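Student: To start, I am sharing the structure in question, which I have written as structure tokens.
What follows is calculated from the coordinates using simple rules that are stated; it is not laboratory data. As the structure is a prediction and not an experimental result, all values here were calculated from the model. Every residue, glycine as well, gets a Cβ built from its backbone with ideal geometry; the counts of neighbours run over all protein chains shown.
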Amino acid sequence: MLGGDATAPHQEYGSRQIRLAVPGAYEKPQLLPLQPPLEADSPATFTFHVNPVLHSKLDVELGEKLMVLQVSEPRAWKRWMIDSVLPEQCSGASVQADFLHSRGFIVFSSLQSDPSAELEAQSSKLGEGGILLSSLALGQEEQRLVALGEGQEVTLNVKAEMSSGDLDLRLGFDLCDGERKFLDKRKQIVSKALQQVLGLSQAPDSGQVPVVAVLGSGGGTRAMSSLYGSLAGLQELGLLDTVTYLKGVSGSTWCISTLYKDPAWSQVALQGPTERARARVCSSKMGAVSTERLQYYAQELGNLESSGHSVSLIDLWGLLIEYFLYQEENSAKLSDQQEAISQGQNPYPIYASINVHTNISGEDFAEWCEFTPHEIGFPKYGAYIPTKLFGSEFFMGRLLKLWPEPRICYLQGECRMEGWGQDMHMPGPDMGEGVVRALALPVSLGMWGSAFAASLDEIFMKTAGFSLNFLDWHRGHVNITDDCQKLQLHDPTRLRTKLFTRQGPFSQAVLDVFTSRFTAAENFNFTQGLCLHKDYVAGREFMAWKDTHPDAFPNELTPMRDCLYLVDGGFALNSPFPLSLLPQRAVDLIVSFDYSLDAPFEVLQMTEKYCRDRGIPFPRVEVLPEDLEEPRECYLFDRAEDPRSPIVLHFPLVNRTFRTHLAPGVERQTAEEKARGDFAINGSDTPYGMTNFTYEPEEFDRLVALSRYNVLNNAETVKHALRLALDRRQAGARAGG
């Protein structure tokens, strides 16, 4: 740490100040007034953290602030400038400082007094100088005289030290301790459930238990309501206890995060949670914009800002979602869900988001970020922090400033993109309902589901089915200046030298208009300052082989950026498949519930391409033309010749045999029964559009009953998939794999 003070004659209308900056440091430039501190016993401290390999220097700049007064007259404004009367030299001023050069980074700090209230000011630079950091001896306090030009100088007492201690984040691609302990306990429950469901003579050994992951897609209230029905169907068949992971994006996370408020939710009938969800979905949203509620929003956002968070529309949307789901304050945090998995009693919940660049579409660049009760992190980089530390400030793996963990409502905001141009609800007789529905314009909000995070280019893609190709004319181009083929023979991971040429100001303005996001959840970047291994391009998650992909430019990668921009995973892929394909999780069977509107196989086809680009084993997705016209309720995809490839069981949301059947094998008889099953789940006439937050009670009941029925009606297919997964595990165990 660094401490110091500055002395100079105190002036009433102006002051001189020292500006301290370390290029490449975590902290922004700091100002040090040259006047006696107001509290000599407790001076303020400046701190800089910097990677020593950058060979940075401490920049010192002397500036003078001139106060400008404005005098109001009846007909005009006059500006009066009062120049400060200060000595021309500050050689008598001194700054005492320490310079902490830590293992992995340097911490620099110096002291200033609390700035007093300022008039409108104009500043001018009087001189500048600096200290090269590499010239400082470690562990020794030194006095340095810094010449600032034209006879100006300042004395600094500096000290450099190496940091010590372990990192505050986890680097590695293995599962965290908490997840591994959960798996040990969950395997016992899954083993017994498999014995019962499949009618086995004995329970499989723990090493032969297949890993099953249930995935819920995005889709707003449609997805949330449907997932209650899908899980209820699994529970009735005794299959819920065979599930190891429960993952979701967007609307599915609303259902999952609500269920995990109860530590024993999967061990009791889901009728109670479904009825509570029904009460919320079918109630008026008018209270969300009541005077009392608006005051609550203002207070909560103020508290959030005072705790160090950057407040945006996304946070307001999170509070609205809190009202939609609970109609009261929900104090729960994600780390609280550790209780719900402490004994392996429920599947392990994983919530998905993606980190994006503000001017690149999610389909072109997205880094998957997983949120679990134990950790939050990027599988791509192998960088994870404890969930309780999300929102705190990190640099080079060290915790610099601790902030409170955000409430879960700030992670839940969502409004899916598929609803553009469909089912748009504008203010009507119920003004509160209209305002809320108008807020639901599908520009997406939130972190697990992100509103206002779409760009115009992405909106065109979602509504018209094509991107704005003319934007390619305005993008910069990349030239390969050397092929380095000879060098790559000795070092296959060596990147080719590339020259990126930007287009002119007009083209940049066009790109800004059409590709910039309206907003995104801006968070402290806990990977900031981490250094990538020189062979990072060999990682399958990196797309450096694409010349124009950001992965091909090391200085464009996330550890080089100040902030994370976390948005709804649906901007890249509307289901969390990438988090189920990590080799460390070794998932054998993926049960995919796809609640997308009018796109029953798009998620699978995009996942297949995602895997093909990265060399990840995945079954081929082959569907017949008649399946595109009228999809079935369930599809099984398997790549038997490659045991590394997961088995995929895919449930698109369709109303096929439910239309004519009350239950599996039980046909509808009466006109009332037939009418209850005759409704549109897709298309422009459906009441289940992505922007509709409120259903009629009958609409909610039918949607939940449909998704439950589709699982029950395909019970044998699910059991067959489980047998395949179990056989594969047992064969691998026998082969020693």
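Student: Under 5 Å between amide hydrogens, which residues at least 5 positions from GLY127 or on another chain qualify, with H placed 1.01 Å from N in the peptide plane?
Tutor: Amide H to amide H, under 5 Å and 5 or more residues apart or across chains, GLY127 pairs with LEU62.
Student: Tabulate in residue order the Karplus-calculated ³J(HN,Hα) for region 703-715, using 6.51 cos²θ - 1.76 cosθ + 1.60 with θ = phi - 60°, rounded to whole Hz; enter x for Gly and Pro.
Tutor: 5, 5, 5, 5, 5, 5, 4, 4, 6, 4, 6, 10, 4
Student: Moving to a separate point now. Holding the Cα-Cα limit at 21 Å, pick out from LYS159/LYS534; LYS192/LYS719; LYS181/LYS401; LYS247/LYS546; LYS192/LYS261; LYS247/LYS401 the pairs that are longer than that.
Tutor: Check vs 21 Å cut-off fails for LYS159/LYS534; LYS181/LYS401; LYS247/LYS546; LYS192/LYS261; LYS247/LYS401.
Student: I would also like to ask the following. How long is the gain from ALA599 to GLN295 if the chain were fully straight, where each residue apart is worth 0.36 nm and the alpha carbon distance is subtracted?
Tutor: Taking ALA599 through GLN295 to full extension adds about 105.4 nm, to one decimal.
Student: At R0 = 25 Å, how high is the FRET efficiency between GLN188 and GLU236 if r is their beta carbon distance? Nearest 0.05 is fine.
Tutor: Calculated transfer efficiency: 0.65.
Student: Tabulate in residue order the Karplus-calculated ³J(HN,Hα) for region 380-392, using 6.51 cos²θ - 1.76 cosθ + 1.60 with θ = phi - 60°, rounded to whole Hz; enter x for Gly and Pro.
Tutor: 4, 9, x, 10, 9, 10, x, 4, 5, 9, 5, x, 8
Student: Could you calculate the FRET efficiency of GLU363 with SER123 from 1/(1 + (r/R0)^6), where r is the beta carbon distance between them and R0 is 45 Å, rounded to 0.05?
Tutor: 0.50
Student: Work out how much length ARG612 to LYS181 would gain on full extension: take 0.36 nm times their residue separation and subtract the Cα-Cα distance, in nm to one decimal.
Tutor: That pair, ARG612 and LYS181, stretches by 151.9 nm at full extension.
Student: What nm distance separates the two modelled labels at ASP642 and GLN140, each placed 7 Å from Cα along Cα→Cβ?
Tutor: If labels sit at ASP642 and GLN140, their model points lie 6.1 nm apart.
Student: Only counting other Cβ atoms within 10 Å, I'd like PHE658, PHE553, PHE571 sorted with the fewest neighbours first.
Tutor: So the residues, fewest neighbours to most, are PHE553, PHE658, PHE571.
Student: Placing +1 on the Cβ of each Lys and Arg and -1 on the Cβ of each Asp and Glu in region 227-354, which of GLN345, THR291, LEU239 has its Cα farthest towards the positive end of the resulting dipole?
Tutor: The residue sitting farthest along the positive end of the dipole is LEU239.
Student: Okay, moving on. GLU698 versus ASP205, label points 7 Å from Cα toward the beta carbon: distance in nm?
Tutor: If labels sit at GLU698 and ASP205, their model points lie 5.8 nm apart.
Student: List GLU630, GLU300 from most exposed to least, where exposure is judged by having the fewest other Cβ atoms within 10 Å.
Tutor: Least crowded to most crowded, the residues run GLU630, GLU300.
Student: For PHE371, PHE542, which order do you get if you count the other beta carbons within 10 Å of each Cβ and list the fewest first?
Tutor: By the 10 Å Cβ count, ascending, the order reads PHE542, PHE371.
Student: Next question, about the same structure. Label CYS563 and GLU275 with points 7 Å out from Cα along Cα→Cβ: what is the distance between them in nm?
Tutor: 4.5
Student: Explain nothing, just compute: Karplus ³J(HN,Hα) = 6.51 cos²θ - 1.76 cosθ + 1.60, θ = phi - 60°, for every residue of region 599-610 in order, whole Hz, x for Gly and Pro.
Tutor: 3J(HN,Hα) across region 599-610, in whole Hz: 9, x, 10, 4, 4, 5, 5, 5, 5, 4, 5, 4.
Student: Using the Cβ atoms and a cut-off under 13 Å, what net charge is assigned to the surroundings of ALA586, where Lys and Arg are +1 and Asp and Glu are -1?
Tutor: Taking every Cβ under 13 Å from that of ALA586, the sum is +3.
Student: Starting from the Cα-Cα distance between GLU716 and GLU556, subtract it from 0.36 nm times their residue separation and give me the gain in nm to one decimal.
Tutor: Answer, rounded to one decimal: 52.7 nm.
Student: For ASP174 and LEU532, FRET efficiency with R0 = 22 Å and r from the beta-carbon atoms, rounded to 0.05?
Tutor: The computed FRET efficiency comes out at 0.75.
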